[in-house]
Amino acid sequence: MQICASKKAVREFTLQQRKAGRRVALVPTMGYLHDGHMSLVREAKRRADDVIVSIFVNPTQFGPNEDLATYPRDPDRDLALLEAENVAAVFMPSVDEMYGAGGDTYVEVPGLSGILQGALRPGHFRGVSTVVTKLFNIVLPDVAVFGEKDYQQLAVIRQMVRDLDMPLQIVGSPTVREADGLAMSSRNVRLSDEQRAQAPALSRSLTAAAEAAKSGPSIQSLELTIRSVLEQAPLGQVESVDIRDAHTLAPLEGVLEGEAVVLLAVRFGGVLLIDQRVIAPSQMTA
């Protein structure tokens, strides 16, 4: 497994693989890897000959009061996990290597970036779009794999790639969950025992929403169903419950008639957990 600290090294690796006729996949991560990340790596391996994983905690997507300083890091463990998965290369740049001095260019998808989590975290998706664009330009992959747990992020990246004619395929991989339903996240390790015990209320609320959706209820009643389950986690502060068109993320009103995505954001102390599920009336899921 090749470890690349510089842009030049990882780009040369990709170009060598392409000259040999090999297809290259990228899995962007912020490290502190878990089984959810490994599922992305395995999906990438199904779609390419060689997989490159980037590990970079991107400062530009964190707000001034967010958890950049305390974001968990364990590079040695990350490398051991990736080597066990036969990853071809790992790109581990420093902040200086990624951004240098005097950078003043950003990439933004205003419509999708200014709603939902983007409204709660101004500048977050601009930071995501910019760093992902840089990763695509540096690594030059044929395909990139992202988790569906970050549903809005995936939608932003897909639109960015379409709008800017970026020559690669974007693949979404299903959310991987713990045995009790909690979506796997690097931030879960920062939950206290009491918070961790209550956190599966997010997935339970999504299950309740999926069941209620079968009868084609009103959007308002669906939100009430979700919030009633989240109330069972009193340590969690509900930041947002959004029910949106699953394809455009447009707001929905009235009766549920098509596919919708439920997007949750719940804060447990200093830890923000997000989760999502696509739901639909029974006539659409049969």
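The values are calculated or read from the model by the stated rules, or taken from the named source; none is laboratory data. None of the values given here were measured: they were computed from a predicted structure. All Cβ positions, even for glycine, are placed from backbone atoms using ideal geometry, and neighbour counts span all protein chains on display.
Below, the figures for the structure above:
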read-out: Pick from region 175-189, criterion more than 24 Å from residue 121 (Cα to Cα) and in contact (Cβ under 8 Å) with a residue 24 or more places away in the chain, ranking: surrounded by the most Cβ atoms within 10 Å (Cβ to Cβ); value: 176
read-out: Filtered residues of region 12-57 (kept if basic (Lys, Arg) and crowded, with 18+ Cβ neighbours inside 10 Å); value: 45
read-out: Any hit, region 129-146, residues being closer than 30 Å to residue 6 by Cα, surrounded by fewer than 18 Cβ atoms within 10 Å (Cβ to Cβ) and either assigned by TED's automatic domain parsing to the domain that holds residue 20 or at pLDDT 95 or above (or both); value: yes
read-out: Matching entry among 159, 198, 152, 117 (being more than 25 Å from residue 74 (Cα to Cα) and not assigned by TED's automatic domain parsing to the domain that holds residue 33); value: 198
read-out: Within region 152-177, tally of residues that are more than 15 Å from residue 274 (Cα to Cα) and part of a strand (DSSP E or B); value: 5
read-out: Some residue of region 228-240 being under 26 Å from residue 66 (Cβ atoms), hydroxyl-bearing (Ser, Thr, Tyr) and either under 22 Å from the mean Cα position of the chain (by Cα) or exposed (fewer than 13 other Cβ atoms within 10 Å of the Cβ) (or both); value: yes
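Yes/no matrix, rows are residues, columns are (1) under 20 Å from the mean Cα position of the chain (by Cα); (2) free of Cβ contacts under 8 Å to residues at least 24 places away in the same chain:
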{"position": "20", "(1), (2)": "no, yes"}
{"position": "34", "(1), (2)": "yes, no"}
{"position": "71", "(1), (2)": "yes, no"}
{"position": "74", "(1), (2)": "yes, no"}
{"position": "89", "(1), (2)": "no, no"}
{"position": "94", "(1), (2)": "no, no"}
